[in-house]
1. Against the conditions (1) in a loop (DSSP other than H, G, I, E, B); (2) at pLDDT 95 or above, where does Val249 fall short? Just the number, please.
2. Out of (1) assigned to a helix (DSSP H, G or I); (2) within 22 Å of Cys41 (Cα to Cα); (3) open to solvent by 30 Å² or more (accessible area, probe 1.4 Å), what's the single condition that is false for Thr297?
3. Out of Ala238, Ala228, I need the residue that is of a type in the set (Gly, Ala, Ser), touching a His at 6+ places or on another chain (Cβ under 8 Å) and surrounded by 16 or more Cβ atoms within 10 Å (Cβ to Cβ). Which one?
4. Which one of the conditions (1) open to solvent by less than 10 Å² (accessible area, probe 1.4 Å); (2) free of Cβ contacts under 8 Å to residues at least 60 places away in the same chain; (3) of a type in the set (Phe, Trp, Tyr) does Tyr123 fail to meet, given that it meets all the rest?
5. When you go through (1) farther than 20 Å from Arg333 by Cα; (2) out of contact with any strand residue (DSSP E or B) (no Cβ under 7 Å at 6 or more places or on another chain); (3) outside any loop (DSSP other than H, G, I, E, B) one by one for Val195, which number turns out not to apply?
6. Would you call Ala133 open to solvent by less than 10 Å² (accessible area, probe 1.4 Å), in contact (Cβ under 8 Å) with a residue 12 or more places away in the chain and within 16 Å of ligand 2 (Cβ to nearest atom)?
7. Identify the residue in the range 85-106 that is touching a residue at least 60 places away in the same chain (Cβ under 8 Å) and open to solvent by 40 Å² or more (accessible area, probe 1.4 Å) and, among all such residues, is farthest from Pro287 (Cα to Cα).
Amino acid sequence: MAKMRAVQVAKAGGPLELVEREIPTPGSGQVRVKVRACGICHSDSLTVEGHYPGIKYPRVPGHEAAGIVDALGADVPGWKVGDRVGIGWFGGSCGYCDSCRRGDFLTCSINPQVTGISWDGGYADYIVVPKEALALVPDDLSFVDAGPLMCAGVTTFNSLRNSGARAGDLVAVHGIGGLGHLGVQFAARMGFHTVAIARGAEKAALAKKLGAHEYIDSTAGDPGKALAKLGGAKVIIATVTSGNAMSEVLGGLGVDGKLIALGASPEPIAVTSLQIIGGRKSVAGWPSGASIDSQDTLKFSVLTGVRPIVQEMPLEKAAEGYKLMMENKARFRIVLTMGQS
Ligand SMILES: [Zn+2]
Ligand SMILES: [Zn+2]
């Protein structure tokens, strides 16, 4: 059997280790993808730390994968060897629960499949995935750029386009990291009056370069007040991974304003009914998108010039890259490359 490299976690809380494995064979309804790039996402920590229920170890993390279809199992209509594809968080669904029957596959209640959690993800030379997980990557988009758009990208793009905000509305992106630096680009290109909120004055120039019309330094005062002064936001997408930080910007919501939490945090978001009743405000969440939403994200990115800012690292340095990401030192997305032609 031919061998490949994979970076796995042998048990919950264990280290990321480079191992040699047999190249897997796709079963019915599956394809094998020769991975060319895979972004490192904060949610990979769910696999590494075992914080997602029911993970079977050893497990290979990685749900920002992009590569080339290399082999087809039986019953995979519509895809062919050589297709350029991306694989994100959404890894398929049961197909028969109420959500699935409504076409809302992402909220599948019976068997939601997650790449790098339900089965092995993209920190490897090859990955076998259900056909439902595939998004087509446009020819004009590199694999390295496609990777982060498969999770950080679709999460910000899809939450914004479903937020109810309309062209010209004040929309804030809270946090300029892996998600936020894409969120600012999407918000500006969707025609929103875009406000970036981040810690420190030094990120202002970058925020403006990404397309932000305004910048709020959250360390310089009350960021909610500063946002309210600009007119109050119709939408705030909160990409920070801190409930406390999200609480601080709530005061910046305008009438019918909605804070949409994208960054996962165990800390509560503190909000009183008094803060939200009068202006019909709300606090909500949003979880990425299905594979067709990812495909829409990639197409929109090519159409409008949205690209992630990435730091490439070879697959064998996955543990180092993961550590940098967890220490909040990634600028802005670390992408593993497999070094294959
Ligand atoms: Zn992710
Ligand atoms: Zn379902």
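1. Just one mismatch for Val249, condition (1).
2. For Thr297, the exception is condition (3).
3. Just one listed residue meets the conditions, Ala238.
4. Here Tyr123 meets the rest and fails (2).
5. (2)
6. yes
7. Phe105
The rows are residues; the columns are (1) touching an Asp or Glu at 6+ places or on another chain (Cβ under 6 Å); (2) touching a residue at least 24 places away in the same chain (Cβ under 8 Å); (3) in a loop (DSSP other than H, G, I, E, B).
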position: Thr156; (1), (2), (3): no, yes, no
position: Ala172; (1), (2), (3): no, yes, no
position: Val184; (1), (2), (3): no, yes, no
position: Ala188; (1), (2), (3): no, yes, no
position: Glu202; (1), (2), (3): no, no, no
position: Lys208; (1), (2), (3): no, no, no
position: Gly221; (1), (2), (3): no, no, yes
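The values are calculated or read from the model by the stated rules, or taken from the named source; none is laboratory data. Bear in mind that the values here come from a model prediction, so they are computed numbers and not experimental data. Heads up, the Cβs are rebuilt from the backbone with ideal geometry, glycines too, and the neighbour counts pull from every protein chain shown. For accessibility, only protein heavy atoms count, side chains too; no ligands or nucleic acids. Shrake-Rupley method; radii C 1.70, N 1.55, O 1.52, S 1.80 Å.
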